[in-house]
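Worksheet: the structure to be examined is printed underneath.
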Amino acid sequence: MVSTSLKPMEEIVRFPPTFIPETIQFENYAQTVQAFPFFKYMRNTLFITVFVVLGNILSNSFIAYGFAKIDFPGKNVLFALVLATMMVPGFVTMIPQYILFTRIGWVGTYLPLIVPSFFGSAFNIFLLRQFYMSINNELTEAAQIDGANHLYIWSRLMIPLTKPALITVGIMSFNGAWNDFLGPLLYITREDMYTLQIGLQSFQNQSTTQWNYLMAGATLVMIPTVLLFFFAQKYFIQGMDLTGGTKG
């Protein structure tokens, strides 16, 4: 992708292909940024991504705490139903969701892309629940003896102790929202609200594709996710260890 982003079109279509560009064109990146409102679309994408990450961290950690540390009738059955939703493909619920958001007047806004993240997702709930269960119950029992309620225990005790898992959820949420193409394509109708993934389609049409500009744009869009994982990879690896929570 990076190699193609630095080539002129005549070299891209040449056969046999070359891995290292014979003519390096850094101006492809400048042309890409100028070809469509890159920075406006980046601002739109970042706006959606920030709220999606925030929603996923808050909702999934709160729900996972309930499944891990609060006893209530039917907890195991309800948790099994939550996990069962992982087997339902997203394409099955796509049309019903679109009909729902159309009827409540959310199509054409960012709400269909942001609001669902505040209602949890099965995988993230499972991941955080495993981390919460690895924390000794004596910590929560001691806090309850001191008069702390569940909301206080979750916000002041559990969240600091499960930072690796929360960062893992944040990284995956950021990656999913930043690279989401189908969601904005379905629900965003105004051009000034487009995201970067939709903006990259401006280099493709029915007759030809400007591969050098498309690959340059894809490289620029990829940089934030690579940097995020590079700086947070230690927490990501710890967060994916389902038995590596704080033992107390």
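The values are calculated or read from the model by the stated rules, or taken from the named source; none is laboratory data. None of these values were measured; they are calculated from a predicted model. All Cβ positions, even for glycine, are placed from backbone atoms using ideal geometry, and neighbour counts span all protein chains on display.
Suppose we filter region 65-111 for residues that are small (Gly, Ala, Ser), closer than 20 Å to VAL52 by Cβ and either surrounded by 13 or more Cβ atoms within 10 Å (Cβ to Cβ) or in contact with a helix residue (DSSP H, G or I) (Cβ under 8 Å, 6 or more places away or on another chain) (or both); how many remain?
Qualifying residue count, region 65-111: 1.
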Among the residues of region 149-188, how many are closer than 25 Å to ILE95 by Cβ and at pLDDT below 90?
0
Quick one: which helices (runs of 4 or more DSSP H) sit completely within region 48-147 and have at least 2 residues that are of a type in the set (Ser, Thr, Tyr) and out of contact with any Lys or Arg (no Cβ under 9 Å at 6 or more places or on another chain)?
90-103
Would a scan of region 26-41 turn up a residue that is of a type in the set (Phe, Trp, Tyr), assigned to a helix (DSSP H, G or I) and out of contact with any helix residue (DSSP H, G or I) (no Cβ under 6 Å at 6 or more places or on another chain)?
yes
Across (1) over 22 Å from THR208 (Cα atoms); (2) touching a residue at least 40 places away in the same chain (Cβ under 8 Å), MET1 clears everything bar (1)
Filter region 184-193 for residues that are surrounded by fewer than 19 Cβ atoms within 10 Å (Cβ to Cβ) and either part of a strand (DSSP E or B) or touching a residue at least 60 places away in the same chain (Cβ under 8 Å) (or both) and give the result.
LEU186, THR189, ARG190, ASP192, MET193
State which residue pairs qualify: first residue of a type in the set (D, E, K, R) and surrounded by fewer than 21 Cβ atoms within 10 Å (Cβ to Cβ) and inside region 163-183, second residue in a helix (DSSP H, G or I) and at pLDDT 90 or above in any location, beta carbons under 9 Å apart, and separation of 6 or more residues or different chains.
ASP180/THR45; ASP180/ILE48; ASP180/THR49; ASP180/VAL52; ASP180/LEU113; ASP180/GLN197
Single condition GLU22 does not satisfy, out of (1) loosely packed, with under 13 Cβ neighbours inside 10 Å; (2) at pLDDT 90 or above
(2)
Residue selected from region 194-210 under the condition surrounded by fewer than 19 Cβ atoms within 10 Å (Cβ to Cβ) and assigned to a helix (DSSP H, G or I), by the criterion modelled with the highest pLDDT:
GLN201
